[in-house]
Amino acid sequence: MMQLCRDLSVGLARGHVYDMADVWDKYERMCSEMGTCVPRSYQSRRSTFYSAVQQLVGPKASYVRPLSKGSLLMYPGEKSDFLISKTLTKSRQRGMFSSDSESTEDEDGGVIQFAQGNAFQEMAHVALRVRQDLLNTPGHSSTWQGLDQEHVDQVIPNSLYLLLRMLFGGIDVVHEGIEEDNSVKQTVCSIAQDIVYAVSNRRKLTPKHVGLGLALHQATRSEALLDLFHAANHTIGIDTVRRIDTTIAHNILQRFAENGYVYIPDNIIKERMIHCSCDNIDVLEATLDGKNTFHCTQMMVWQRGPAPQQRQGDPDILRSTA
């Protein structure tokens, strides 16, 4: 394990990115060559192996998992030798902010300078790549339907998600093995949807902007408040809310007529067991004549969802890249 982590540290110092599934395969080969056994705790629970690697490598590495549920990735952390050597230097680097008349020697006697030109070029390349992916990714087309995490993942390019996930730090993902911190993921997805909506000049909808706009208008009935949120690019506009409300009303009336003038919600699936929960509602007013009392029976209809799919092992897809 120590030799494996030393090799990883050397690669991280050179800017390499590693697929943790490949790291596991490398560890198994090293154990086989050395004639040692792989600990059972590593074999039975892969997250134990990930945690051991994270503890030995330390802050030199960060971790992230793509939205596509692929393998866990290891990349140079904020305290890695690669980032330190790329951003801090003892001599002024020539770049797009340097002129030919400027000397490349350290004129300040060892004062650390920032390589602005190289950093700007790298940021420009990343921004152009993410923007191209944003333009090629379709927006949310289900309007008021499909306001869930699955549809959120469909409107966010992987490159944008990975960029934001790295900005928020990626070490915490190791502690859960193959699962991410949901609070961090929700924050990243919320910001990513704002970027999708803004870059498209409000032409591409997202589940966040549709759902938040409908919920805000339904809760407050305030057009001025909705316009305020829309001006900040957080929700759809009032005109879009009205169109969606009209579409929902027509859909309810249509289903009401098709089902013998009984409304059946869209999420009730045919030929699946239906459960009903009933309860009485009694509001007894303290009046002499006994009037103004309320007696009713409320019934809730629900169905169990499909069985969760078993998570497969991490596929061996990505390889170490510089």
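The values are calculated or read from the model by the stated rules, or taken from the named source; none is laboratory data. All values reported here derive from a predicted model rather than from experimental measurement. Backbone-built Cβ (ideal geometry, glycine too); neighbour counts: all protein chains shown. Ligands, DNA and RNA are stripped out before the accessible areas are found, and what is left, the full protein with its side chains, is counted by its heavy atoms. Shrake-Rupley method; radii C 1.70, N 1.55, O 1.52, S 1.80 Å.
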*Is at least one residue of the range 279-295 modelled with pLDDT of 80 or more and either β-branched (Val, Ile, Thr) or not in a loop (DSSP other than H, G, I, E, B) (or both)?*
yes
*Subset of the range 120-171 that is at pLDDT below 80 and either touching a Gly at 6+ places or on another chain (Cβ under 8 Å) or in a loop (DSSP other than H, G, I, E, B) (or both) - its residue that is most open to solvent (accessible area, probe 1.4 Å)*: Phe120
*Conditions: (1) at pLDDT 80 or above; (2) in contact with a strand residue (DSSP E or B) (Cβ under 6 Å, 6 or more places away or on another chain); (3) assigned to a loop (DSSP other than H, G, I, E, B). Val38 meets all but one. Number of the miss?*
(2)
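State whether the residues of the range 222-243 include one that is in contact (Cβ under 8 Å) with a residue 60 or more places away in the chain and either open to solvent by 30 Å² or more (accessible area, probe 1.4 Å) or of a type in the set (Ser, Thr, Tyr) (or both). Full working, then the answer.
Our first condition is that a residue be in contact (Cβ under 8 Å) with a residue 60 or more places away in the chain; within the range 222-243, this holds for none.
No; the residues of the range 222-243 include none that is in contact (Cβ under 8 Å) with a residue 60 or more places away in the chain and either open to solvent by 30 Å² or more (accessible area, probe 1.4 Å) or of a type in the set (Ser, Thr, Tyr) (or both).
For (1) in a helix (DSSP H, G or I); (2) within 15 Å of Gln145 (Cβ to Cβ), each residue gets a yes or a no:
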site: Val188; (1), (2): yes, no
site: Arg203; (1), (2): no, no
site: His250; (1), (2): yes, yes
site: Pro265; (1), (2): no, yes
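I need the full set of residues from the range 203-221 which are loosely packed, with under 15 Cβ neighbours inside 10 Å and over 13 Å from Val155 (Cα atoms), in order please. Outline the logic, then answer.
Within the range 203-221, the subset loosely packed, with under 15 Cβ neighbours inside 10 Å is 203, 215, 218-221.
Within the range 203-221, Ala215, Gln218, Ala219, Thr220, Arg221 meet the criteria.
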*Long-range neighbours under 9 Å by Cβ, at least six apart or interchain, first residue more than 22 Å from Thr36 (Cβ to Cβ) within the range 1-22, second of a type in the set (Val, Ile, Thr) and open to solvent by less than 40 Å² (accessible area, probe 1.4 Å)*: Leu12/Val57
*Regarding Arg319, is this residue basic (Lys, Arg), open to solvent by 70 Å² or more (accessible area, probe 1.4 Å), in a loop (DSSP other than H, G, I, E, B) and at pLDDT 65 or above?*
no
